[in-house]
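Please read the structure below before turning to the comments.
The values are calculated or read from the model by the stated rules, or taken from the named source; none is laboratory data. Here the structure is a predicted model, which means the values were calculated and not measured. Counting neighbours? That spans all protein chains shown, and the Cβs are built from the backbone with ideal geometry, glycine included.
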Amino acid sequence: MFRSGYWELKLAESGKKTKAASSPDSKSPAAVTPNESAKDTSSLKEDSKAKKIPLIKVIVFLILFLFASSAGWLGWQQWQVQARQSDQIALVMVELNEQLKQSTALDSAVALSRRNQQEQAELFTKKINDLQLQITAQGARIAELGSTSRSDWYLSEATYLARLASQRLQTERSTKNPIALLLQVDAILVKLDESDLLAVRSAIAEDISRLRLAGEVDAEGIILELNALARQIEQLELIEFATTEAPVSEKSEDTAVVETEEETLSQRFSNLIGEFSQGLSKLIKVRQRDRPIEPILLASEEVIVRNNLRLFLRQAANAVLREEQDIYTISLGGAREWLTTHFQMNPSSILLQDRLAHLEKKKIVQELPNINSSIRALEAFLVVRESRMIGVLENDPVLESEPTRP
């Protein structure tokens, strides 16, 4: 495009030159003077210079345009290359991410598979160990049954009796039978005559000492004595009531009248003096009491008074069975106070009150010591004995030659 414009300018300049040469006003070279030729030469030079300046501008413009177009083309090419490279890089990154995800999922699956395999291996190992322990225990049991001796039976009996002693202590809450059972256990161990049983016998002796130091509460004896005292209540005499004295005086008066008729006059005179003094004594009565005066009970309330005293004693007996020391003490204290308040202090009442005071001082709570040390000592001895037996069986060459199945 730029080349065609350049050649068009050239053709236009050549056409102007041909017109100037063929025009009639132009002069021939023979007719031109030197001055005119000099003028023409200078004018030609000026024309050539004026023509050269636009031509240089055009060339410079063309060069710049070519340089800008080439730079733009090269930049566009470079941009295309970079765009293709970025697309390729993005595609590669996508592929890498997918491969990374696949590898991560594969690693997770492999780790899960390994974990499952490890758990299965541990489970199988545990089952094998359990089976091995069962086989060992069964073998030891078979060997023990096959070689059960007299000492084994004695030890089994001693263990049973020691456990029975502990059970009796808790159920009966008495030290009598547990002491007898532990003494029997010690006698069995003496028959075995083994030096390893000294520790067991020492534990049994300590348990027997604890039981003896704990003492024995005779709950049956206390209850029987309370019941016996309750039966004696009917024989006690209540405090004399005012209503019961009148019939007695009337009876004595009638008896005196009958006797006066049979006696002599001298005796009648003495009887009259006695009757006079007796009638005077009815008018005045003196009673000494060292406690506040309380209303006198009626004769119909005698049953209630006796039943209340009997109720105190029964309540104390029930407290003995439940081993309630406070209730037992309060009940006997109430019985003593009731006895002092409503009954005459004759020898029977005083004796009953002394027995109640003696029973009130007794302890009814049975202390139960811990006698499990003998049981633990026997069980430890049996375990050591069994382990020794198993060790002997494992060291037996006949048993070692047999294959063991897991």
Just to check your reading of the model, which residue among 330, 375 is part of a helix (DSSP H, G or I), without any contact (Cβ under 8 Å) to a residue 12 or more places away in the chain and either in the same structural domain as residue 209 (by TED's automatic domain parsing) or over 30 Å from residue 154 (Cβ atoms) (or both)? 330
Selected residue (only one of 125, 136 is out of contact with any Asp or Glu (no Cβ under 7 Å at 6 or more places or on another chain), modelled with pLDDT of 90 or more and not aromatic (Phe, Trp, Tyr)): 125
Might you let me know whether region 181-193 holds any residue that is assigned to a loop (DSSP other than H, G, I, E, B) and touching a helix residue (DSSP H, G or I) at 6+ places or on another chain (Cβ under 9 Å)? no
Of everything in region 180-219 that's in contact with a Lys or Arg (Cβ under 9 Å, 6 or more places away or on another chain), among the acidic types (Asp, Glu) and surrounded by 12 or more Cβ atoms within 10 Å (Cβ to Cβ), which residue is modelled with the highest pLDDT? 186
Give the residues of region 154-179 that are surrounded by 14 or more Cβ atoms within 10 Å (Cβ to Cβ), under 26 Å from residue 365 (Cα atoms) and not basic (Lys, Arg), sorted by residue number. 161, 162, 164, 165, 166, 169, 174, 175, 177, 178, 179
